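The structure appears right after this line, and notes come after that.
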Amino acid sequence: MGGWQAEISLTPDESVDSFPVDIQLVPVRNAENVIVSVNVFMRDLREREAGQIERREFVSTVSHELRTPLTSMKMYTDMLGEGDAGELNDQHDS
């Protein structure tokens with residue numbers, strides 16, 4: 001069968017904004033297997049792009065929220081290990 005496929009950005013006339021599309025070219029062959037025309041199929045990818053942006057923002061937020069308490073815990077354990085909070089004794093270990 002064969003064909004070609006690519007993702008490109010289109011900018012409509014009189015516009016400055018472009019949008020992503022998936023374009024597929026499918027050759028139409030005659031009985032002698034010669035290409036006589038090409039069918040073009042395009043799919044708007046703006047919804048997919050919006051979903052990817054939402055996913056990135058969600059992962060960023062979750063990552064930040066997980067890092068925040070871990071940073072505080074690491075800071076306090078470093079202080080305890082370096083003796084900044086005084087000496088540790090056997091009662092502190094339990």
- prompt: Hey, what's the per residue convex hull volume over the C-alpha atoms of region 4-44, in cubic angstrom?
  reply: 63
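For a quick protection proxy, order the peptides 66-74, 23-31 by their average other-Cβ count within 10 Å, most packed first.
23-31, 66-74
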statement: Calc'd 3J(HN,Hα), region 9-23, phi into Karplus 6.51 cos²θ - 1.76 cosθ + 1.60 (θ = phi - 60°), Hz, glycine/Pro = x, comes to 10, 10, 10, x, 3, 6, 10, 9, 8, 10, 9, x, 9, 9, 10
statement: Here FRET efficiency (C-beta to C-beta, ASP84 to ILE53, R₀ 35 Å, nearest 0.05) is 0.25
task: Taking H placed 1.01 Å from N in the peptide plane, check which residues at least 5 places from LEU45 or on another chain put their amide H under 5 Å from its amide H.
output: VAL21, ASP22
message: Return the Rg/Rh ratio of the chain with Cα-based radii and a Kirkwood Rh.
response: 1.50
task: Please get the size of the charge dipole for region 4-44, origin at its Cα centre, with Cβ charges of +1 on Lys and Arg and -1 on Asp and Glu, quoted in debye to the nearest 20.
output: 300
- prompt: Picking from TRP4, SER60, VAL34, whose Cα lies most toward the positive end of the charge dipole for the chain (charges on Cβ: Lys, Arg +1; Asp, Glu -1)?
  reply: VAL34
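Only the coordinates and a few stated rules stand behind these numbers; no lab work does. Just so we're clear, the structure is a prediction, and the values are computed from it rather than from any experiment. Reconstructed Cβ throughout: ideal geometry from the backbone, glycine too, with neighbour counts over all protein chains shown.
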